[in-house]
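One structure below.
Throughout, read-outs are computed from the coordinates displayed, never taken from laboratory work. Not measured: the values here are computed from a predicted model. Here the Cβ positions follow ideal geometry from the backbone for every residue, glycine too, while neighbour counts run over all protein chains shown.
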Amino acid sequence: MATGALNPAALPSHAELRSFARVAAHLLTEHATQGLGPRTVRRRAGAGLQHLDHRDYAPGDEVRHIDWRQTARRQRPVIRQFEAETSGDWFLLLDASSSMATGSARKWQAAVSATTAMAFALLELGHRVAIVAFASDVLAVCPPGRGARHFPQVVRTLLALRPAESAAHSNLAACARRLRGTASGFVVSDFLGPADLRPSLAALRERCVQLHALEVHATADLQLPGPGPFELYDVESGATANCSGRAAAESAARAAHAALLLRLQRFSTRSGIAFTAWDVAQPWQRVLVDHLLRAHAA
Amino acid sequence: MTLATPAWLLGLLLVPVLWYLHRSGPILRRHPVASLDLWQDESARAAQAGERRPPDPAWLRRAAILSLLCIALAEPQWQRPAARVTLWVDDSLSMLTLEDGETRLDRGLRLAQAALRESAVRDVIVRPLSNPTRAYGPVGTTTTQALRSNAGTHEPRPPAPDALARGRAHWLVTDGADDEVNSWLGNANVERVIQVASTARNVGIARVTVRPQPADQDAAAIQVLLRNGGSEPESRIVEVSAGQGILASRPVALGPGASVTLQQVVPLPMQQLTVRLVPADALPQDDHAVVDGAPLTMIAVHVDPSCPVEVARSIGAHPALRVTTSRDAGLIVDCGSAWTGRVPVPRMVLRQGPPEQFDASSLLWSQAAAGAPPLVASFPLRTRGRLDAPHPADAVLLAAGDVPLVIRRAGIPRTVETTLDLGAAELQGTDTVPLLFAFLADAALDASLLDRSAGLARGDNASQVEPRAVLEAQRRSLDTTRDDEAPFVWPFVLLAVALLAWDALSLARRLLRDHGPRASTVA
């Protein structure tokens with residue numbers, strides 16, 4: 001296992017980010033006008049809000065948005081929902097658990113690249129972008145910000161991240177309270193955790209206008225180095241298991257991972273989550289564009 | 001293969017313990033995975049199938065190390081095939097020197113026997129250097145007695161170095177006092193020398209010679225050669241005796257390695273002459289010499305009465321012959337009517353008949369007539385009678401052209417026949433007849449009667465007991481000089497060390513893999 005903070009050179013170059021942002025802007029803009037997501041209005045930040053609906057209060061909601069009249073009528077806290085007329089809030093949720101840094105840490109590097117690219121593209125479109133890195137708990141938060149001046153802070157947050165070598169499991173639910181108001185979520189994770197993190201995804205889906213899930217995996221992580229026998233240990237839970245047959249074990253691991261992806265895919269389809277499984281051997285530009293295309297088509 | 005300390009093999013009982021300690025399987029290679037859930041299927045399947053983890057394969061390597069070390073500690077001995085040894089024994093007179101109560105010969109054989117037993121040599125042949133063709137069995141009582149009985153009778157006659165059997169190892173027992181043996185050892189393929197000599201003092205009688213006095217038929221001159229074969233000056237008294245009485249007694253002093261010749265006149269006849277050194281020393285065999293006087297006794301000759309008178313005169317003038325009328329003669333001169341007894345006695349036949357002349361210029365002496373008398377001017381030119389034609393085995397000693405004059409017939413006893421007329425008138429008063437008769441008598445008796453002597457010769461170096469050199473074998477063969485049970489430990493130790501290095505290398509590699517520095521692939 002190799003972990004460590006990334007250096008700026010490991011991130012996508014500015015030209016790559018701008019190239020991707022141009023493609024992503026088209027997909028994200030069209031989607032905003034046609035889909036469920038927030039309507040994107042360029043260069044109109046700070047304009048007034050229009051009341052859209054009511055919903056029950058959830059922890060983290062701003063108190064000023066409580067509709068006291070409805071609250072008194074329904075006997076429970078109800079807040080007002082507003083249509084975002086200026087821009088949307090995007091929360092990029094980055095899994096920084098120990099499983100993301102196993103093997104050659106290619107998963108972590110790829111996840112950071114994708115998060116950086118998505119943040120750049122969204123900031124280019126005028127959205128407010130927040131970064132939430134999570135493992136067993138929220139590790140780092142880059143508060144929502146807007147504009148090109150916010151991007152360096154995003155980068156600093158990402159570069160400062162360093163997944164723990166062990167004992168840091170994925171707790172996506174810890175991010176839920178960080179989401180405020182109407183926001184969209186973009187989860188980048190390997191979804192290796194209890195029940196494939198599906199309960200947490202379901203809870204997030206309830207709080208987000210739209211939710212994207214990008215599953216990151218590396219085929220090399222499903223291979224064993226050299227002849228066995230091995231003692232496999234889970235970097236997150238610390239559990240161990242013996243493995244004698246290398247080929248059979250690798251084959252079983254590939255099958256188990258394929259089943260995981262299938263479960264996530266079915267769950268995402270049912271839950272209205274834009275889901276993409278990404279083998280880090282593929283370039284992040286292609287994967288993100290494909291993902292946005294599929295989300296746009298949906 | 002045998003083991004010097006087989007108790008160490010009990011250490012092999014630890015092999016099952018070694019297996020027990022490794023029964024939990026090999027030390028696994030630790031590998032981190034993102035989620036064990038992905039890998040659980042394989043381990044669960046193995047557990048459900050009841051598969052038992054095999055023991056750590058390293059236990060075999062460690063068991064081999066343990067076994068090899070136990071075997072090495074048990075000191076395995078490689079048993080070589082028994083070598084074949086020819087033991088050459090110097091049985092010269094000096095080997096009979098007494099040292100610490102036993103002769104050098106006995107001590108050398110005893111040491112050789114111990115060495116052969118130590119080397120587990122079972123095929124042993126013993127050969128005396130005085131008679132290399134003679135072979136005895138292994139060193140033992142019989143062989144020792146045989147060698148002891150023949151020792152000192154002959155000087156060593158070592159075989160040619162190239163004649164030594166190549167398929168056998170050759171050992172030598174000697175005292176190093178004989179130069180010939182020592183030089184032979186320098187060239188021969190002898191692998192081990194057992195040299196036995198601790199005494200270096202001896203005076204011995206090397207030679208005794210008794211000769212009749214030409215001028216006095218009743219006396220004989222004796223010569224005694226003494227030699228100091230030791231390294232110290234010595235003095236002895238030489239006693240000469242015949243029968244009960246001592247004829248002479250003389251003190252002698254000799255320096256180391258010196259020789260001296262003593263002369264003495266003794267009366268004849270005598271049956272036996274004894275020469276003795278007083279006091280005796282470590283080699284008593286050469287301190288006395290007994291000379292048989294029989295060769296000096298005059299030979300009785302029975303003469304046919306019909307023989308010429310010159311024959312009887314010639315016998316009377318001969319210092320070793322005497323005329324006898326009795327029938328215990330040692331030689332019969334037959335002129336046609338001699339007594340012929342059943343006892344085989346050499347005969348000299350003088351043919352009789354009408355005289356005939358022959359050409360003296362055609363006389364021819366054969367090679368067999370080595371003792372032919374010098375031709376004299378009054379050589380008889382007449383013959384009497386004829387000789388039968390010689391058989392192939394007969395020797396024609398003298399012929400006149402093709403006519404044989406003297407023939408020595410083959411067979412025992414000898415018979416010499418001649419047609420020479422020894423009674424010719426022109427030979428009267430000359431020395432021709434006595435010389436011819438002496439020649440014919442020598443031919444009939446196969447002896448040189450005019451040069452009679454009795455004596456004993458032990459050889460000039462027979463009394464040499466001081467070793468000439470400290471001898472060493474020129475070639476040392478591993479096959480016969482090393483112990484029969486050759487240690488065979490190092491191969492086991494080296495193999496164990498190699499396996500140990502292999503095991504240590506495996507452990508180091510595993511440690512390096514599990515706890516070594518990790519290269520970060522994150523740029």
Fill in the blank from the handout: Applying the gyration tensor rule to the Cα atoms of chain B (axes a ≥ b ≥ c; rounded if a/c under 1.5, else prolate if a/b exceeds b/c, else oblate), the class is prolate
Practice task
Restricting to chain B, compute how many DSSP beta bridges are antiparallel as a %, nearest 5.
Solution key: 70 percent
Fill in the blank from the handout: About its Cα centre, the protein assembly as shown carries a charge dipole, from +1 on Lys and Arg Cβ atoms and -1 on Asp and Glu Cβ atoms, whose size in debye to the nearest 20 is 6860 debye
Exercise for the section: Decide, for the range B:73-138, between rounded, prolate and oblate: order the square roots of the alpha carbon gyration tensor eigenvalues as a ≥ b ≥ c, take rounded if a/c falls under 1.5, and otherwise choose prolate if a/b is larger than b/c, else oblate. Expected result: oblate
Exercise for the section: Compare the Cα positions of A:ALA247, B:GLN272, B:PRO467 along the charge dipole of the protein assembly as shown (+1 at Cβ of Lys, Arg; -1 at Cβ of Asp, Glu; about the Cα centre) and return the one farthest towards the positive end. Expected result: A:ALA247
Handout entry: Calculated diffusion of the protein assembly as shown, Stokes-Einstein form, Kirkwood radius summed over Cα pairs, 37 °C and 0.692 mPa s, µm²/s
Key = 81 µm²/s
Practice task
Using 0.36 nm per residue of separation minus the Cα-Cα distance, give me the extension gain between B:TRP78 and B:GLU180 in nm, one decimal.
Solution key: 32.8 nm
Handout entry: Radius 15 Å from Cβ of A:ALA10, net charge of other residues (Lys, Arg +1; Asp, Glu -1)
Key = +3
Problem - Nearest 10 degrees, 0 to 90: helix B:58-73 Cα axis against chain B principal axis - result: 30 degrees
Handout entry: Unit charges at the beta carbon, dipole of the protein assembly as shown: most positive-side option, B:ILE125, A:SER189, B:LEU296
Key = A:SER189
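Less than 10 Å Cβ to Cβ from A:ALA176, Lys/Arg counted +1 and Asp/Glu -1: what total charge do the surrounding residues give? Write out the running numbers ahead of the final one.
Details: positive: A:ARG177, A:ARG178, A:ARG207; negative: A:GLU206.
Charge balance in the 10 Å sphere: +2.
Calculate for the protein assembly as shown the 222 nm mean residue ellipticity that helices alone would give, adding -39,500 (n - 2.57) per DSSP H run of length 4 or more and normalising by residue count, nearest 500 deg cm²/dmol.
Per the formula, -9000 deg cm²/dmol.
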Handout entry: Cα-based helix-to-principal-axis angle, A:284-297 vs chain A, degrees rounded to 10
Key = 50 degrees
Exercise for the section: Report the net charge of residues surrounding A:VAL216, where surrounding means a beta-carbon distance below 12 angstrom and charges are Lys +1, Arg +1, Asp -1, Glu -1. Expected result: -3
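Within the range B:161-238, report the trypsin sites (Lys or Arg not before Pro) that DSSP leaves as loop and that have at most 11 other Cβ atoms within 10 Å.
On the way: sites: B:ARG166, B:ARG168, B:ARG192, B:ARG201, B:ARG207, B:ARG227, B:ARG236; in loops: B:ARG166, B:ARG168, B:ARG201.
Answer by residue number: B:ARG166.
When DSSP assigns beta bridges and you keep just the ones with both residues in the range A:57-157, what percent turn out antiparallel, to the nearest 5? Provide the component values of the computation, followed by the final result.
Working: 7 of 14 bridges.
Taking every DSSP beta bridge within the range A:57-157, about 50 percent pair in antiparallel fashion.
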Fill in the blank from the handout: Rounded to one decimal in Å, the inverse mean reciprocal Cα-Cα distance for the range A:58-205, i.e. its Kirkwood radius, is 16.3 Å
Fill in the blank from the handout: For the protein assembly as shown, the charge dipole (Cβ of Lys, Arg +1; Cβ of Asp, Glu -1; about the Cα centre) points to a positive end, and the Cα of A:PHE20, A:PHE134, A:GLN75 closest to that extreme belongs to A:GLN75
Problem - Unit charges on C-beta of K, R, D, E only; dipole of the range B:101-169, Debye - result: 80 debye
Practice task
Compute the acute angle (0 to 90°) between the alpha-carbon long axis of helix B:141-150 and the principal axis of greatest extent of the alpha-carbon atoms of chain B; round to the nearest 10°.
Solution key: 30 degrees
